[in-house]
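The values are calculated or read from the model by the stated rules, or taken from the named source; none is laboratory data. Bear in mind the structure is a predicted one, so any value in this text is a computation, not a measurement. Every residue, glycine as well, gets a Cβ built from its backbone with ideal geometry; the counts of neighbours run over all protein chains shown. Quick note on the areas: whole protein, heavy atoms, side chains included, nothing else; ligands and nucleic acids left out. Shrake-Rupley method; radii C 1.70, N 1.55, O 1.52, S 1.80 Å.
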Amino acid sequence: MRGFVALVLAASVVLAGCGEAARPYTPGDGSGTGTPAVGASREPGTPSTADTLSTPPSAESSGKPSAGSPAVPRGTQTVRIGDALRVRIEWPSGADPLVRLVADYYVASRRAVVTGDDGYLDNLEYDAVDIAGRWVDEFADQERTLRGVARLYNLRVASVMGKGAQVNACVDETGVRLVSTRTGKAVSRQPAWTRAPYMQGVAAHRYDGGVWRIRTFVTGEEGCSR
């Protein structure tokens, strides 16, 4: 995304701001043998700059795609979040169920901002818990919410290796506005992500039983130009 503000991540996290080439995630078998407690390492989010809300979380998901997961919907699906936000998902024909990872997380994280539902933390682990938690908390801390229509398109499985996978999607939030929860009006300074589409991806690990948990996020512009 042009003008995207980079999130500051630990050295192990693969994130870079828009306008820079995001380091690719290399899927691997991983060493986890259990299911980490979601939210166990979460700390209260502390905005790092006055414009942190201009940086969406570098991706993630709350879904559980597997061989037995619900089939991917056909065509375009519109998901309503509260009274003021809608997400239009353009599902690819014959898509791998893994594409639900990025779409389900996107919807869940925006629902957290609009309604306060913390279900977005389900199936997140390691860096993803902290990154997503801080991003959502900043909206509440700065008394902001979202309004309008977002669009997800070009959902695709970027890579799969062993028990690891990276799933990407293009996000168009040019129809979304950052709104003050106190006044109900759009803030005067709209963030960069309202100006151009960007790529958002999730890097996930599959556990026994087919449950996928997101470990970190990836952002960029790849494949998302208009």
Residue count for the stretch 175-224, restricted to those that are assigned to a strand (DSSP E or B) and either open to solvent by 40 Å² or more (accessible area, probe 1.4 Å) or free of Cβ contacts under 8 Å to residues at least 24 places away in the same chain (or both): 4
Candidate set: the stretch 111-136, residues that are in contact with a Pro (Cβ under 8 Å, 6 or more places away or on another chain) and assigned to a loop (DSSP other than H, G, I, E, B); chosen: the one least open to solvent (accessible area, probe 1.4 Å): E125
